[in-house]
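The values are calculated or read from the model by the stated rules, or taken from the named source; none is laboratory data. The shown structure was predicted, so the numbers you read here are calculated from the model rather than taken from an experiment. All Cβ positions, even for glycine, are placed from backbone atoms using ideal geometry, and neighbour counts span all protein chains on display. The area values use the complete protein model at the heavy-atom level, side chains included, leaving out ligands, DNA and RNA. Shrake-Rupley method; radii C 1.70, N 1.55, O 1.52, S 1.80 Å.
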Amino acid sequence: MTLPVSKHWYFAYGSNLQTDLLGRYIDDPAGRESRWFEVPHALYFGGHSLRWNGPVAFLSLRSHASRTWSRAYAVGEGELEQICRGENGVETSVGSALDALGVGEWAEVDGEWTDDPQLGKYNAVLRGPDIDGGSSFTFTTGRTLPLGTPPTPYVDAIRTGLRDRLSAEEANGYLTSRREGLNGDNTRFLTT
């Protein structure tokens with residue numbers, strides 16, 4: 001597939017590293033152009049997902065010495081919106097925030113947010129590096145969430161996605177190092 005006209009990329013760092021899981025939100029992610037890179041934002045696990053029955057992955061909003069493996073997929077107009085809606089389970093709008101963000105900057109996603117902690121966890125859009133002349137974006141959280149150990153099926157989904165880039169040993173070491181010391185809440189990942 002060629003790069004869509006919009007010149008946007010969506011970069012995944014959690015279960016959407018696995019193309020068949022990203023296929024819940026957009027058509028044929030396996031057939032799209034994709035690029036692997038390490039983003040200078042820490043990966044952590046928090047909140048609670050009904051789908052996975054436990055904490056899920058997020059990226060810190062601020063730059064961090066810890067780097068996170070990410071896979072960027074070329075996306076067309078409106079597909080970032082589809083991914084955001086799918087991840088949040090509510091209507092969202094990200095279009096107005098995209099043009100104003102510089103690399104490493106983030107903005108709140110407009111959405112029909114509720115007090116339900118299961119919905120709207122991915123309420124922040126984070127701009128990543130430019131890729132082949134196009135801007136890249138992902139979704140993370142600006143909400144305070146409890147940290148926790150992710151469930152085994154969720155970790156396995158990330159591990160399967162990482163296996164397109166890393167050896168089994170590298171993927172296991174990478175995931176193990178990011179699941180250590182998870183207590184309290186994610187405040188340290190939200191502020192500078």
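With +1 on the Cβ of every Lys and Arg and -1 on the Cβ of every Asp and Glu, and nothing else charged, how large is the dipole of the stretch 1-150 about its Cα centre, in debye rounded to the nearest 20? Walk me through the numbers before you get to the answer.
Numbers: 12 positive and 19 negative charges, 117 e Å.
Computed charge dipole of the stretch 1-150: roughly 560 debye.
With a 1.4 Å probe and all protein chains left in place, how much accessible area per residue does the stretch 1-112 have, in Å²? All intermediate terms of the calculation are to be shown ahead of the outcome.
On the way: 4690 Å² over 112 residues.
That works out to 42 Å² per residue.
Could you pull out the GluC sites (Glu not before Pro) across the stretch 154-192 that fall in loop regions by DSSP (anything but H, G, I, E, B) with no more than 14 other Cβ atoms inside 10 Å? Let's see the in-between values first.
Details: sites: Glu169, Glu170, Glu180; in loops: Glu180.
Answer by residue number: Glu180.
How high is the FRET efficiency from Ser66 to Thr144, r the C-beta distance, R0 22 Å, rounded to 0.05?
Efficiency, rounded to the nearest 0.05: 0.65.
Which residue, Thr144, Thr68, Thr176, tops the fluctuation ranking in a GNM of the chain built on C-alpha contacts under 10 Å?
Thr176
How big is the convex hull of the Cα atoms of the stretch 1-160, per residue, in Å³?
Roughly 103 Å³ of hull volume per residue.
Efficiency by 1/(1 + (r/R0)^6): what FRET value for Asn172 and Glu112, r their Cβ-Cβ distance, R0 = 30 Å, to the nearest 0.05?
According to the calculation, E is roughly 0.15.
Highest first, please rank the peptides 150-162, 8-20 by the mean number of other Cβ atoms sitting within 10 Å of their residues.
In decreasing order of mean packing, 150-162, 8-20 become 8-20, 150-162.
Go through Thr140, Leu162, Asn123 and say which Cα lies farthest out towards the positive end of the charge dipole of the stretch 104-189; charges sit on Cβ, +1 for Lys and Arg, -1 for Asp and Glu.
Value computed over the given set: Leu162.
Determine the shape class of the stretch 4-94: with a ≥ b ≥ c the square roots of the Cα gyration tensor eigenvalues, call it rounded for a/c under 1.5, and otherwise prolate if a/b is greater than b/c, oblate otherwise. Display every interim value, and only then the final one.
Values: a/c = 1.61, a/b = 1.17, b/c = 1.38.
Oblate is the answer for the stretch 4-94, as a/c is 1.5 or above yet b/c matches or exceeds a/b.
Once you have a ≥ b ≥ c as the square roots of the Cα gyration tensor eigenvalues for the stretch 21-60, tell me rounded if a/c is under 1.5, and otherwise prolate or oblate according to whether a/b is larger than b/c.
oblate
Binning at 5 angstrom from zero up to the longest distance, how are the C-alpha pair distances of the stretch 90-165 distributed in percent?
3, 13, 18, 17, 18, 19, 10, 2
Where in the stretch 103-122 does the amide nitrogen come within less than 17 Å of the point 7 Å from the Cα of Phe37, taken along Cα to Cβ?
103-106
Rank Tyr174, Tyr44, Tyr73 by mean-square fluctuation in a GNM of the chain with C-alpha springs under 10 angstrom and give only the top-ranked residue.
Between Tyr174, Tyr44, Tyr73, it is Tyr174 that shows the largest mean-square fluctuation.
Cα centroid distance between the stretch 109-151 and the stretch 27-106, in Å?
6 Å
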